[in-house]
Amino acid sequence: MKLETFAFFLRVLLIAPLGAALGGCMTSSPIWEAHFGEALHHSMQVQIIDPDAAMHVASQPGVDGKAAAAAMDRYDKSFEQPPASASPYAIGVSSGQ
C-alpha cells in the first residue's frame, strides 16, 4: 500500500467521526415543532359546528347546588363494591323468613 493511500484513509477515518458528531448537533426539530399540533387543532375545529353556541342561548334553570351534590354522591356510591358477607359459606343460603 502506498503511503499516500494510507494517509488518505487515515484522514477519512479521522474526519468521518467528526462529521457524524457535527451532524448530530444539527437538528431540524425547530422546523417540525413550529407546526406541532396544527393537525389536531384543525381536526377539533372542524368537528365543532358552532364554537359560540353558549353565547346564543341563555342558560336554563337547573338543579340547586345541594341537590346536585347529593345526586353526584349517590352516583359515586353506586359504583362502590358491595359489603362482603360475614361467612363465606352463606352464599345463596337464606334464613327462611
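The values are calculated or read from the model by the stated rules, or taken from the named source; none is laboratory data. Predicted model, so just to flag it, every value in this text is computed and none were measured. Here the Cβ is made from the backbone with ideal geometry for all residues, glycine too, and neighbour counts use every protein chain on show.
Within the range 45-70, if we keep just the residues that are within 32 Å of the chain's Cα centre (by Cα) and surrounded by 10 or more Cβ atoms within 10 Å (Cβ to Cβ), the residue that is modelled with the lowest pLDDT turns out to be A68.
Of the residues making up the range 28-35, not a single one is more than 34 Å from the chain's Cα centre (by Cα), part of a loop (DSSP other than H, G, I, E, B) and modelled with pLDDT under 75.
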